[in-house]
Structures are given as structure tokens and as C-alpha cells.
Amino acid sequence: MNAYSICLSLVPLAVYFLALGMIHASRRPFILSGDADMALLCAAVSGMVFVGPMNLFFPVNAAIRFGTYIWLILAILYFLISMLVILYSRPRLIVYNIDKEQLKEILEKIAMRLDENSAWAGDSLYMPQQGLDIHLEYVSGLKNVTLVSNERYSSRLRWRRLKCLLKAELKQTPVSRNWLSIILLLLSAILFFVTIISFVS
């Protein structure tokens, strides 16, 4: 593997880890829509996809016909596949750097404001008047909470409104720095270091 291939595959991933590390090092929670999160992840692994699978199954006959434009065609194909995955996924919100119980208190406050008939059932929140059926997914120790729709098809406009309300509340919620930020920033530094060393050598 040459230096350009290493750069193409590692730099987007290093930038992704750097951004996540900075988010977890903050003393404020950070909210991101599921669509944006998936788009950023697809961008982070795009270099590896081009260097790996696309290079392995490279369409030689098409390259002879289209020349260097074949890479533009492959990039468009990857973009369309990524958009299909994003649009087909259920609506969700990811809140970084917060505990589940802390987020449940904020959600309960918002839910009572939007819908008096809202009710909790374990880690699920149902708001009938808003047409929202939300489930909280939490990985212990990571301090990331994902709000996932229990329904395959749910109004994305209502999820955007919920995101705006959550964002306003989270601005006033101080949190401690997450230990995960050290690991993410270290991974980013290692990937950048490998890329620089490959060019120097």
C-alpha cells in the first residue's frame, strides 16, 4: 500500500475520531440527528471503502471506456448507497456525553410540555398526541444515549422539533468530561502519525 492510499484511508477516520474526542472532552452534552451521524460515519470510512472493496472489485472494462471519470462514477455510487442507508434507517437522535438518568429527566420535562398524556414504560417514552414512540438505548460507561423510534415510519419533522427542544435544554446542562475522549484523541493522533510517517518514508 502506497502513501496516498494510506492517507486516503486513514485521514478521514482520524478526523472523525478527533471530532468525537473533542465532543466527549466538552463539559456540555452534544446532540446529533441519526441522519447526520450516519453521514459522518460514511464519510469517515469512505477512504477505506475506496482503497479496499472498490479497488478490489475495480471495474476494469468500465475504466477503459470512461477513463479517470470512473472514480467520479464510483464516488456517486457510494454516495447514493449511503443516502439509501440513511433514508431507510429509523429516525433517531444521539446525545453524546450524558448519563441516561440525566437525559430521562430532561425528556420527561419536555414530554409533559408537549403532551400531557405522555407516559414512560421502562426506557420507552410514548407521546400519543405527538405521534412519538421513543426507546432509549444506552451503553454503560460510554455516556452516549440514543433515542430510537419504535416505529419504522415516523414523522421526521416531529423528530426535528424534539431535537430543537432537547438542544435548548442541554445547553443548560453541565456534565463532567468523559474518559472516552482520551482514547479517541489518542487514536486520532496515532492515525495522523502513521499517515505522516508513511509520506516521510
Consider V145 against the criteria (1) of a type in the set (A, V, I, L, M, F, W, C); (2) within 16 Å of I98 (Cα to Cα); (3) part of a helix (DSSP H, G or I): it satisfies all of them except one. Which criterion is unmet? (3)
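Would you check which residues across the stretch 172-201 are among the aliphatic types (A, V, I, L, M) and over 17 Å from A19 (Cβ atoms) and list them?
Within the stretch 172-201, V175, V194, I196, I197, V200 meet the criteria.
Considering each of F79, F58 in turn, give the residue that is among the aromatic types (F, W, Y), modelled with pLDDT of 85 or more, within 26 Å of L40 (Cα to Cα) and out of contact with any Asp or Glu (no Cβ under 6 Å at 6 or more places or on another chain).
F79
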Can you tell me which residues in the stretch 148-189 are part of a loop (DSSP other than H, G, I, E, B) and not hydroxyl-bearing (S, T, Y)? N150, E151, R152, K171, Q172, P174, V175, R177, N178, W179
Given the stretch 19-138, what strands (runs of 3 or more DSSP E) lie entirely inside it while holding 3 or more residues that are surrounded by 15 or more Cβ atoms within 10 Å (Cβ to Cβ)? 30-33, 92-96, 124-127, 132-138
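Could you list, in sequence order, the residues of the stretch 190-201 that are more than 19 Å from L13 (Cβ to Cβ) and in a helix (DSSP H, G or I)?
Within the stretch 190-201, just V200 meets the criteria.
Okay, residues lined up against (1) at pLDDT 85 or above; (2) among the aliphatic types (A, V, I, L, M); (3) more than 21 Å from the chain's Cα centre (by Cα):
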position: I86; (1), (2), (3): yes, yes, no
position: S89; (1), (2), (3): no, no, no
position: D99; (1), (2), (3): no, no, no
position: M112; (1), (2), (3): no, yes, yes
position: E116; (1), (2), (3): no, no, yes
position: D123; (1), (2), (3): no, no, yes
position: Q130; (1), (2), (3): no, no, yes
position: L136; (1), (2), (3): yes, yes, no
position: V139; (1), (2), (3): no, yes, no
Among the listed residues A121, A111, identify the single one that is out of contact with any strand residue (DSSP E or B) (no Cβ under 8 Å at 6 or more places or on another chain), over 22 Å from R27 (Cβ atoms) and aliphatic (A, V, I, L, M). A121
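The values are calculated or read from the model by the stated rules, or taken from the named source; none is laboratory data. The shown structure was predicted, so the numbers you read here are calculated from the model rather than taken from an experiment. Positions of Cβ are generated from backbone atoms using ideal geometry, with glycine treated the same way; all protein chains shown enter the neighbour counts.
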